1. Using a Förster distance of 22 Å, how high is the FRET efficiency between GLU20 and GLU274, based on the Cβ-Cβ distance and rounded to 0.05?
2. Nearest 0.05, what FRET efficiency do LEU291 and GLU192 give at R0 = 45 Å with Cβ-Cβ as r?
3. Calculated from DSSP H runs of 4 or more alone, at -39500 (n - 2.57) each and per residue, what is the 222 nm mean residue ellipticity of the chain, nearest 500?
4. Could you tell me what percent of the DSSP beta bridges with both partners in the chain are antiparallel, to the nearest 5?
5. Apply 1/(1 + (r/R0)^6) to the Cβ-Cβ distance of ASN60 and THR218, taking R0 = 51 Å, and write down the FRET efficiency to the nearest 0.05.
6. Can you pull the one-decimal nm distance between simple spin-label points at SER53 and ASP281, each 7 Å off the Cα toward Cβ?
7. Over 23 Å between C-alpha atoms is what I'm after, so list which of LYS11/LYS273; LYS11/LYS261; LYS145/LYS226; LYS64/LYS99; LYS64/LYS226 land there.
8. For Cα pairs less than 8 Å apart in space and 6+ apart in sequence, what is the mean separation divided by the residue count of the chain, i.e. the relative contact order in percent?
Amino acid sequence: MTVNAVGIYEKALPTGLTWEETFDLVHDLGFNFLEFSIDESDERLARLDWNESERELFRNAMWKTGSRINTLMLSGHRRFPLGSADPAVRAKALDMMAKAIDLAVDLGVRNIQMAGYDVYYEPKTESSREWFVENLRTCVEMAAKKMVMLSIETMDDPFLNSLSKVDYLKTQIHSPFLQAYPDVGNLTAWPENDVAHEIESNIDNIVAVHLKDTKPVTPDFPGQFKEVPFGDGTVDFEAVLRLFNRLGYNGSYTVEMWTSKADDPIAEVKKAKEYFDYLFDKVGITQEPVLRRAA
């Protein structure tokens, strides 16, 4: 029997709350942690430049509520990719990573999840791949010096859409500080992936898992990688969770969902938590108890 922490993606929660209110809500909804987002928006990219007082405010809210952040989700590289043809953009991408590592250290975050794009808004080339690998090596070196893990998410993009591709990348960059963060929805959506074999063959590289539903890529459909209600896509969550349990996986699970279009975001999150509570119980996964720090 495994015991796993279960978290919720920041973008699933209502906006406009203080950090203390947010962390309390995470616990009220039955989750162990919040997955912190630094996406490509100016608002969230600005978090990389938080001053000492802003970082202290965030830390104090975590400590007061007995909370933690397991993963900093750094998807801002989609806008400023490591493989960009523009050297100024590549320099910006490296600067973002340096700041993200320092922020993670200050906030007590152990893992930075990276988006596995060489480029997103630019044409993909052999050079974009090479720039990505070269700059990723620099990122891993920076992270290793401060004992922060970098984990690459399997993506909605063919560049790094499987655990096998992440594993091959590790043959080019040898470091225990570079690992894999599979999104089971993204893995399932690509028809070339044998999901069970991907997980079984690469379990030693997996440090965290995203739980998200998707609709598959077909010759005449690009797939749907976001905002698919749980159970409406093609991810066999019971089989995947049973597989992770059999393999003795003890890392965390994060429920990845978006509720900006929902009339009642909290109700949607509660519904998702009930969906996974049932499956965890069914396959024999014990969830880490939700603990609060005493007042």
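1. 0.30
2. On the way: r = 42 Å, r/R0 = 0.93.
After rounding to 0.05, the efficiency reads 0.60.
3. Taking each H run of at least 4 residues, the total per residue is -13000 deg cm²/dmol.
4. Around 5 percent of the beta bridges assigned by DSSP in the chain are antiparallel ones.
5. Values: r = 49 Å, r/R0 = 0.97.
With R0 = 51 Å, the Cβ-Cβ based efficiency is 0.55.
6. Those two pseudo-labels are separated by 4.8 nm.
7. With Cα atoms farther than 23 Å apart: LYS145/LYS226; LYS64/LYS99; LYS64/LYS226.
8. 23 percent
The values are calculated or read from the model by the stated rules, or taken from the named source; none is laboratory data. None of the values given here were measured: they were computed from a predicted structure. We place every Cβ from the backbone using ideal geometry, glycine too, and count neighbours over all the protein chains shown. Heads up: the accessible areas ignore ligands, DNA and RNA and are worked out on the full protein's heavy atoms, side chains in. Shrake-Rupley method; radii C 1.70, N 1.55, O 1.52, S 1.80 Å.
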